[in-house]
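Below is a structure I'd like to ask you about.
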Amino acid sequence: MKKIRVLGKGNTALAIKEKFENAELFDDNDIDIFDKASDILTVVSPGIPPYNSLVQNTKNPISDYDLFYENMPLSIWISGTNGKTTTTQMMQTILEEKNSVCGGNIGYALSTLDEKKDIWILETSSFTLHYTKTAKPNIYILLPISEDHISWHGTYSEYKKAKLKPLQLMNENDIAIIPDEFKDIKTDAFVITYKSSDDLSEYFGIDKSKVLFNEPFLLDAILALCAKKILFDVVDYEKINTYKVDKHKVEEFKDKKNRLWIDDSKATNVDATINALVPYKSKNIHLILGGDDKGVSLEPLFNYLKDFDIQVYAIGANCNRVVNYCKEFNIDVDLCETLETAVLNIDKKLKENSLGVLSPAAASLDQFSSYKDRGEQFKKFVFSLS
């Protein structure tokens, strides 16, 4: 049995341990017993950043994608800044009848996926790609990239580099669908570029009017349809339209006074919040922002918001930073610090034609256990309003 080490003791590491009984698991508490001179393959769990002392003292780091690549069936990797999970789930919805399974960053470790399946659909994070050395997809779907995870990668350039890495490893038999801004990148793969869902619809002969999703989910749906068109020459409108969007992603609901609220807790970066607000640009918006912004610049968001009819309610670890940006761009703002206070303050001002939105443009772990927890707490506070 292959001898390996794993950095980390979370879900990815424990799943690998179940498959490779002799795998050794290490975390920061084990630095004193970690053999820094060893050449053993060392799988780095995706959450561990490159500046971690164990990583820096590892001679042969790889990703779990590398570990399972030899036994990986035809694979479709999906990456980008926003929309990865939705695109992956949509693709599984329309390819399940073709004996597919989905996993990766979506919550199912590769070591748990059935190798007898014909297709693996893998939501692929920049963290995983950073450590990937040899594995490659047969089809690479890249959603638009915007600034994110800077505290992990160090710079936006390194973040983009990770997202584009599969293109360097692919060959002439592989297909990549990527944003037009990367059209000049060097790769042996067959490349299809797009600026919008219109470009992809025209290229693949997809009738957008038959797809029952609006942005930001329309692009996700079109990309899923493209994959099935490539593999089976079918545009599966019927199956794609059965997909139900997850909770906490531009999820509309009404309070006891019949006022509209949006739970978009999944918006953990600037681009996600901008995309979420596009359909509501003409509304009077009361927007809750803030949390762990992962070191990214927030300026593009406030530059976008400055022309809205909007009031911001700042919460979380970066609430003072949010307030300062609002003042710079002449946007009305309440310093609330907590989500409950923000909801109570919005309640005093929200009218029937207004909109209360949680789309924080930041991660949740400064105050919540997850973005799901943040979204559930948000709805609880709203439904508690009298």
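Can you name the residue in the range 105-126 that is open to solvent by 20 Å² or more (accessible area, probe 1.4 Å) and either among the β-branched types (Val, Ile, Thr) or touching a strand residue (DSSP E or B) at 6+ places or on another chain (Cβ under 6 Å) (or both) and is also modelled with the highest pLDDT among such residues?
It comes out as Lys117.
Picking from Tyr159, Tyr140, which residue would you name as being touching a strand residue (DSSP E or B) at 6+ places or on another chain (Cβ under 8 Å) and closer than 25 Å to Ile48 by Cα? Spell out the reasoning first.
Details: Tyr159 fails: touching a strand residue (DSSP E or B) at 6+ places or on another chain (Cβ under 8 Å).
Tyr140 is the lone residue from the list that is touching a strand residue (DSSP E or B) at 6+ places or on another chain (Cβ under 8 Å) and closer than 25 Å to Ile48 by Cα.
Now for a separate question. What's the number of the only condition in (1) within 29 Å of Phe20 (Cα to Cα); (2) crowded, with 20+ Cβ neighbours inside 10 Å that Tyr159 fails to meet?
(1)
Suppose we keep only residues that are open to solvent by 10 Å² or more (accessible area, probe 1.4 Å) and closer than 30 Å to Ala362 by Cα within the range 82-100. Which one would you say is farthest from the chain's Cα centre (by Cα)?
The residue in question is Thr93.
Could you pull out the residue among Ile185, Ile177 that is buried (at least 16 other Cβ atoms within 10 Å of the Cβ) and of a type in the set (Val, Ile, Thr)?
Values: Ile185 fails: buried (at least 16 other Cβ atoms within 10 Å of the Cβ).
Every option except Ile177 fails the conditions.
Residues of the range 62-100 being among the polar types (S, T, N, Q), out of contact with any strand residue (DSSP E or B) (no Cβ under 9 Å at 6 or more places or on another chain) and outside any helix (DSSP H, G or I), which ones?
In the first step, residues of the range 62-100 are kept if they are among the polar types (S, T, N, Q); the result is 63, 71, 75, 79, 81-82, 85-89, 92-93, 99-100.
Next cut, out of contact with any strand residue (DSSP E or B) (no Cβ under 9 Å at 6 or more places or on another chain) only: 71, 81-82, 86, 93.
Residues satisfying the conditions are Thr81, Asn82.
Residue-by-condition table, conditions (1) closer than 25 Å to Tyr156 by Cβ; (2) touching a helix residue (DSSP H, G or I) at 6+ places or on another chain (Cβ under 7 Å):
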| residue | (1), (2) |
| --- | --- |
| Pro300 | yes, yes |
| Ala317 | yes, no |
| Val343 | no, yes |
| Lys348 | no, no |
| Asn353 | no, no |
| Ser369 | no, no |
| Lys379 | no, no |
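Going residue by residue through the range 71-80, is there one that turns out to be more than 19 Å from Ala189 (Cα to Cα) and in contact with a Ser or Thr (Cβ under 9 Å, 6 or more places away or on another chain)?
No - not one qualifying residue is present in the range 71-80.
The values are calculated or read from the model by the stated rules, or taken from the named source; none is laboratory data. Keep in mind that this is a model prediction, so the values were computed, not measured. Using ideal geometry, Cβ is built from the backbone for each residue, glycine included, and neighbour counts are taken over all protein chains shown. Protein only, heavy atoms only, side chains kept; ligands, DNA and RNA dropped before computing areas. Shrake-Rupley method; radii C 1.70, N 1.55, O 1.52, S 1.80 Å.
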